[in-house]
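Visitor: One structure coming up, written as structure tokens, with questions to follow.
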Amino acid sequence: MDLFNALVALSNFVIIPAIAYGSQLALGALGVTLIYGILRFSNFAHGDTMAFGAMLAVLITWLLQSMGVSFGPLPTALLALPFAILGTMALVLLTDRVVYRFYREQKAKPVILVIVSMGVMFIMNGLVRFIIGPNDQRFSDGERFIISVREFKALTGLKEGLAIKTTQGITVVVAIICVALLFWFLNRTRTGKSMRAYSDNEDLALLSGINPERVVMYTWLIVAALATTAGVLYGLDKSFKPFVYFQLLLPIFASAIVGGLGSPLGAIAGGFVIAFSEVTITYAWKKVLKYAMPESLEPSSLVQLLSTDYKFAVSFVILIVVLLFKPTGLFKGKSV
Amino acid sequence: MTGNPYQDDRGNKDATIANPKGGSDMTPAMGTGKEMNTTDAFLVGDSMTGGYGKDGPDILHDCTIAVNPGEIAVIVGPNGAGKSTGMKAVFGMLNLRQGSVRLDGEDITSLSPQDRVAKGMGFVPQTNNIFTSMTVEENLEMGAFIRKDDFLDTMEQVYGLFPILKDKRNQPAGELSGGQRQQVAVGRALMTQPKVLMLDEPTAGVSPIVMDELFDRIIEVSRTGIPILMVEQNARQALEIADKGYVLVQGRNAFTGTGKDLLADEEVRKSFLGG
Amino acid sequence: MSDTTRTAALFGLVFAMIALTGFMQSWNVALFILNMGLISAIMALGVNLQWGFAGLFNVGVMGFVALGGLAVVLTSAAPVEGAWSAGGWRIVIALLAGAGTIVGTVMVRQRMAKGRARTIATLSILVVGFFLYRGIFDPAVEAVEAINPALQGNLGGLNLPVLLAWPMGGLLAAGVAWLIGKTALGLRSDYLAIATLGIAEIIIAVMKNEDWLARGVKNMVGLDRPVPYEIDLQNTSSFVNRAEGLGLDPATASSLFVKLNYSMLFTVVLVIIFVMAQLALKSPWGRMMRAIRDNEVAAEAMGKDVTNRHLQIFVLGSAVCGIAGAMMTTLDGQLTPGTYQPLRYTFLIWVMVIVGGSGNNLGAVLGGFLIWFLWVQVEPMGLWLMEMITVGMPEGSGLKKHLIDSAAHMRLLTMGVILLLVLRFSPRGLIPEK
């Protein structure tokens, strides 16, 4: 019985949160990796693109709520998501048109584009703070739990409870749908294949009659959709705060690199690797060990390997270890 | 420092932020300083003079290359003679100070390489000529990207020409051997059903046996009626299959004639074919 | 000659704007801009060393600036009584044990042959080392942090003169930079950007959470300063007399006097670092740096040790940022780890370098002043703009309030726009590299 309790505690505090967080990171990392593969630079503005998308979703959610629209047990934000995606798409296309396209025409070196993306980052960051302010915003509604601790205890009779938040469930489901759609698009459709071809060999893609501007446009559209979805899911699960999205940049880059930059599959794997390491290393294991260990060995301290504030350090160390031993990342991306 | 400030990356090679892999180094050149019309053929690069960049030194000097349907034209010459450069000039990747390029009577001198592909030119670059991360079949599919009609017939034809590709259709092209990669590259170019096929050193870096096989395939392609313009390092073998041969020396037409004539020419043999 | 005139005109313009601030707003604000401008210029020089000379993409400037700040506390603060005997030495031992674990792991990996034995040895050293470290560290930290937690709870510093803290800040930053460079630059192909981005966050996290070090988010206030205190000046009759002679009230005069003192100190440091950077740029070492930057392959073929040269310049540039960080903390008189944000302390410095002109030290200095001036002044300008826009709106309208409240965020927007405009229309910066 104690083992079951340990298992439940483990799921409740480690596995489920890590899966949800990993899905959010994976969606973010997919966007970064697509830009890296096709536009050939690391987009420092990605975190702020996520923030912008999430902000739109928050505003539209508020609007819907004020109109009395709701999505039953699900958060209204899910209804707002498509509109937010459209808005973000418009923004990134505008950015590409006004900013990035010029540098493509100049055949600018990738580093120049990185610096340009810093400028875009400033602007988007300012824009988000300008519109919604720098503070925390809550916008999740609907049913809070798929299964709550009390229900679970009543159901199983276990001492330890298990709670699955609606947002966690939604995160995983939406992430799976997004990833499936993306892979179907990249591997099965003509446009998707042309994007892969362009990423693989730009000159040959041109010689095959692939229009680079179209490829770039589709890339931005997909990135906008992924970033907004990731941003909204993260905001629903935790809360919406512009600065937090900026800080997500590090774990997202780490995920993309750990998985192998330029490899979509790697981005997903990297997201989960980073999320699981962060959560397991910063979790206080006392609760789980209490059940799993015999009474005499029961730990007196919290058994927390690192304080939660060091979660950045975790993604960073994982990154270094992976790069030391497997420089191309877990999945063979472009060599780093 | 380079001339273009946007290309000044200060030597940064940080692969986490910059991804130079697969990037474009093709610089389309447009137009010509002075049109020329001296010969007539299906595809003709007429009296071309020019070099790379806006004001780079001239590499080609009044060089003419032409090919007609059913023919294999081969450009040979010593290292640095401008063979590949001549090919690139025909394909629109070189600034021409003088000369014209005409395809089927139409002046295409001011078209970009992509537009020339749309006009019916198929080009197989010397290196990086396949999508390594994509399967063989996807490579062919991408070759047919500009076609709106059903290209399955063409794909069957390509598989007919290169049966090995059919067996490996679902393998990533990057995993194939050198000779097979070249077949993928040629097959990809054929997918547009080009009016003319241009090959830049198709046998570079393959073993002699594979080279012979590749030449056989190229002859087969030519038998379907497509004119082929080819740059070759292996001058003797190439001239043996050539209907027309151009020997370039320092960017100029040194000798021109049928493959047989050139092989028989005492001077050509002495200077380029090793006796 | 026109280059020199252009440079002079640009500098003249910036200083005229600062002077104008003095006349129109207040000299206090003007001097504040000048002082922080001097510090920003030094930071920009540091980043310019790395990016402009060597093409190293360091986005962890914040970390080195913060380390400089930490050095001020560790150098100049008074030691906390009893802290060392309570747990200070044990903390040092624990840290040494931690370092020893890592060194041991590396050595095992180098000495032993590849195989299962090595993996087991590596893992066991890591696990044993970690628990040993935590076993000594945790109680020691607890003991230190228990000492007068409301005001202290940290180890304190060496009680040395605060001016010494500036070079110490440089040294501390250099040491950490050496560690990062050794790991990041030594790999097959460098990945400095992401490494520095991460390290900066880790440094801030350590400073926020390790209360025994410098009180973490509880902040260190009332740090020593190398200039007199305003209140002392106001109580000195000779100073009050002289101030009144100039027609200033003692309070304003004392604060101006203190700021001017700082300006002079900072100017001295800036000039020293600038001259050194210029000499370095013109020296054979600097020429080699640029040769490596322009063609790494050729430089390597000529037998230049590219990785080591990169490591050198990375350490030097970071040290300069550390010095600037120490100066800034001294100017503030307090260390507040919670206020370090990458946008302000990393990316803004980058804007300064790019706008000023990468590869040109004068450009970096100009960028430091100009961007800092704008960073400060965009806020009042934005407020003014918003008030103009909303002038027709009814009093108490929600939109009006929102617009005026949001004016503060205009500065980020403006910085982005400036960076993009410069990159587009003057990609080599205002004073380009020759």
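Visitor: Suppose the filter is surrounded by fewer than 17 Cβ atoms within 10 Å (Cβ to Cβ) and not acidic (Asp, Glu); does C:Val271 pass it? I'd like the intermediate steps shown before the answer.
Guide: Details: surrounded by fewer than 17 Cβ atoms within 10 Å (Cβ to Cβ): yes; not acidic (Asp, Glu): yes.
Taking the combined requirement at face value, the residue satisfies it.
Visitor: Take the range A:96-138 and flag every residue that is touching a residue at least 60 places away in the same chain (Cβ under 8 Å), at the interface with another protein chain (Cβ under 7 Å from one of its Cβ atoms) and more than 30 Å from A:Pro75 (Cα to Cα).
Guide: Of everything in the range A:96-138, those that are touching a residue at least 60 places away in the same chain (Cβ under 8 Å), at the interface with another protein chain (Cβ under 7 Å from one of its Cβ atoms) and more than 30 Å from A:Pro75 (Cα to Cα) turn out to be A:Pro110, A:Val111, A:Val114, A:Met118, A:Val120.
Visitor: Now for a different question. Which one is surrounded by the fewest Cβ atoms within 10 Å (Cβ to Cβ) among residues in the range C:189-229 that are out of contact with any helix residue (DSSP H, G or I) (no Cβ under 9 Å at 6 or more places or on another chain) and away from chain A (no Cβ under 14 Å)? Give the derivation first.
Guide: Our first condition is that a residue be out of contact with any helix residue (DSSP H, G or I) (no Cβ under 9 Å at 6 or more places or on another chain); within the range C:189-229, this holds for C:189, C:221-222.
Those still in the list that are away from chain A (no Cβ under 14 Å) too: C:221-222.
On the way: C:Val221: 12, C:Gly222: 8.
Of everything passing the filter in the range C:189-229, C:Gly222 is surrounded by the fewest Cβ atoms within 10 Å (Cβ to Cβ).
Visitor: Among the numbered conditions (1) under 30 Å from C:Phe425 (Cα atoms); (2) away from chain C (no Cβ under 14 Å), tell me where A:Arg150 comes up short.
Guide: (1)
Visitor: Suppose the filter is closer than 26 Å to C:Ala78 by Cβ, in contact (Cβ under 8 Å) with a residue 12 or more places away in the chain and not basic (Lys, Arg); does C:Ile125 pass it?
Guide: No; evaluated as a whole, the condition is false for this residue.
Visitor: Report yes if B:Gly70 is within 14 Å of another protein chain (Cβ to nearest Cβ) and part of a loop (DSSP other than H, G, I, E, B), otherwise no.
Guide: no
Visitor: Any residue at all in the range C:100-109 that's away from chain A (no Cβ under 12 Å), among the basic types (Lys, Arg), farther than 25 Å from C:Gly216 by Cβ and in a helix (DSSP H, G or I)?
Guide: no
Visitor: Something else about it: Criterion first (of a type outside the set (A, V, I, L, M, F, W, C) and either in contact with a Lys or Arg (Cβ under 8 Å, 6 or more places away or on another chain) or crowded, with 21+ Cβ neighbours inside 10 Å (or both)) does A:Gly31 satisfy it?
Guide: yes
Visitor: Checking the structure you have, find out if any residue of the range C:230-243 is more than 14 Å from chain A (Cβ to nearest Cβ), surrounded by fewer than 17 Cβ atoms within 10 Å (Cβ to Cβ) and part of a loop (DSSP other than H, G, I, E, B).
Guide: yes
For (1) surrounded by fewer than 17 Cβ atoms within 10 Å (Cβ to Cβ); (2) closer than 24 Å to A:Arg104 by Cβ; (3) touching a strand residue (DSSP E or B) at 6+ places or on another chain (Cβ under 7 Å); (4) at pLDDT 85 or above, each residue gets a yes or a no:
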residue	(1), (2), (3), (4)
B:Ile17	no, yes, yes, yes
B:Met30	yes, yes, no, no
B:Thr64	no, no, yes, yes
B:Ile72	no, no, yes, yes
B:Gly80	yes, no, no, no
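Visitor: Moving on. How many residues, within the range B:229-268, are of a type in the set (A, V, I, L, M, F, W, C), within 20 Å of the chain's Cα centre (by Cα) and surrounded by fewer than 20 Cβ atoms within 10 Å (Cβ to Cβ)?
Guide: 2
Visitor: Could you check the range A:91-184 for helices (runs of 4 or more DSSP H) lying wholly inside it with 1 or more residues that are within 30 Å of A:Val288 (Cβ to Cβ) and of a type in the set (A, V, I, L, M, F, W, C)?
Guide: Passing ranges, in order: A:149-156.
Visitor: Being more than 7 Å from every other protein chain (Cβ to nearest Cβ) and assigned to a helix (DSSP H, G or I) is the filter here; which residues of the range B:118-131 pass it?
Guide: B:Lys119
Visitor: Let me ask something else. Those residues that are more than 17 Å from the chain's Cα centre (by Cα) and under 30 Å from A:Gln106 (Cβ atoms), I need them from the range A:36-85; list them, please.
Guide: Correct list: A:Gly37, A:Ile38, A:Leu39, A:Arg40, A:Phe41.
Visitor: Among the listed residues A:Ile19, A:Ile60, A:Ile15, identify the single one that is assigned to a helix (DSSP H, G or I), surrounded by fewer than 24 Cβ atoms within 10 Å (Cβ to Cβ) and without any contact (Cβ under 8 Å) to a residue 24 or more places away in the chain. Break it down into steps so the answer makes sense when it comes.
Guide: Working: A:Ile19 fails: without any contact (Cβ under 8 Å) to a residue 24 or more places away in the chain; A:Ile60 fails: without any contact (Cβ under 8 Å) to a residue 24 or more places away in the chain.
Of A:Ile19, A:Ile60, A:Ile15, the one residue that is assigned to a helix (DSSP H, G or I), surrounded by fewer than 24 Cβ atoms within 10 Å (Cβ to Cβ) and without any contact (Cβ under 8 Å) to a residue 24 or more places away in the chain is A:Ile15.
Visitor: Has the range A:196-217 got at least one residue that is hydroxyl-bearing (Ser, Thr, Tyr), surrounded by fewer than 24 Cβ atoms within 10 Å (Cβ to Cβ), over 28 Å from A:Gly126 (Cβ atoms) and free of Cβ contacts under 8 Å to residues at least 60 places away in the same chain? Working first, answer last.
Guide: Initial filter on the range A:196-217 (hydroxyl-bearing (Ser, Thr, Tyr)): A:198-199, A:208.
Next, only the ones that are surrounded by fewer than 24 Cβ atoms within 10 Å (Cβ to Cβ) stay: none.
So far as the range A:196-217 goes, no, none of its residues is hydroxyl-bearing (Ser, Thr, Tyr), surrounded by fewer than 24 Cβ atoms within 10 Å (Cβ to Cβ), over 28 Å from A:Gly126 (Cβ atoms) and free of Cβ contacts under 8 Å to residues at least 60 places away in the same chain.
Visitor: Collect the residues in the range B:91-101 that are touching a Phe, Trp or Tyr at 6+ places or on another chain (Cβ under 9 Å) and at pLDDT 90 or above, keeping them in residue-number order.
Guide: Correct list: B:Phe91, B:Val101.
Visitor: Criterion first (within 12 Å of another protein chain (Cβ to nearest Cβ) and part of a loop (DSSP other than H, G, I, E, B)) does B:Thr109 satisfy it?
Guide: Against the criterion (within 12 Å of another protein chain (Cβ to nearest Cβ) and part of a loop (DSSP other than H, G, I, E, B)), B:Thr109 does not qualify.
Visitor: Report, by residue number, each residue of the range C:203-250 that is in contact (Cβ under 8 Å) with a residue 60 or more places away in the chain and at positive phi.
Guide: C:Arg215, C:Gly216, C:Asn219, C:Gly222
Visitor: Hey, among C:Leu233, C:Leu246, C:Leu265, which residue is under 23 Å from C:Leu335 (Cα atoms) and in the same structural domain as C:Met289 (by TED's automatic domain parsing)?
Guide: Numbers: C:Leu233 fails: under 23 Å from C:Leu335 (Cα atoms); C:Leu246 fails: under 23 Å from C:Leu335 (Cα atoms).
None of the other options fit; the residue is C:Leu265.
Visitor: Only one residue in B:Asp40, B:Asp115, B:Asp55, B:Asp25 is assigned to a helix (DSSP H, G or I), surrounded by fewer than 20 Cβ atoms within 10 Å (Cβ to Cβ), acidic (Asp, Glu) and on the phi < 0 side of the Ramachandran plot. Which one?
Guide: B:Asp115
Visitor: On to the next question. Can you tell me which of B:Gly143, B:Gly187, B:Gly178 is away from every other protein chain (no Cβ under 11 Å) and either crowded, with 24+ Cβ neighbours inside 10 Å or under 17 Å from A:Ser194 (Cβ atoms) (or both)?
Guide: Answer to the selection: B:Gly187.
Visitor: Hey, another quick one. Only one of (1) within 28 Å of the chain's Cα centre (by Cα); (2) crowded, with 20+ Cβ neighbours inside 10 Å fails for C:Ile136. Which number is that?
Guide: If we test C:Ile136 against (1) within 28 Å of the chain's Cα centre (by Cα); (2) crowded, with 20+ Cβ neighbours inside 10 Å, just (1) comes out false.
Visitor: Of all helices (runs of 4 or more DSSP H) completely enclosed by the range C:276-372, which ones contain at least 2 residues that are modelled with pLDDT of 95 or more and assigned by TED's automatic domain parsing to the domain that holds C:Gly46?
Guide: On the way: elements: C:284-294, C:296-301, C:306-332, C:348-356.
Result: C:306-332, C:348-356.
Visitor: Which ones in the range A:171-188 are away from chain B (no Cβ under 11 Å) and polar (S, T, N, Q)?
Guide: A:Thr171
The values are calculated or read from the model by the stated rules, or taken from the named source; none is laboratory data. Computed from a prediction, not measured in an experiment: that's the story for all the values here. In this analysis, Cβ positions are derived from the backbone assuming ideal geometry, glycine residues included, and neighbour counts consider all displayed protein chains.
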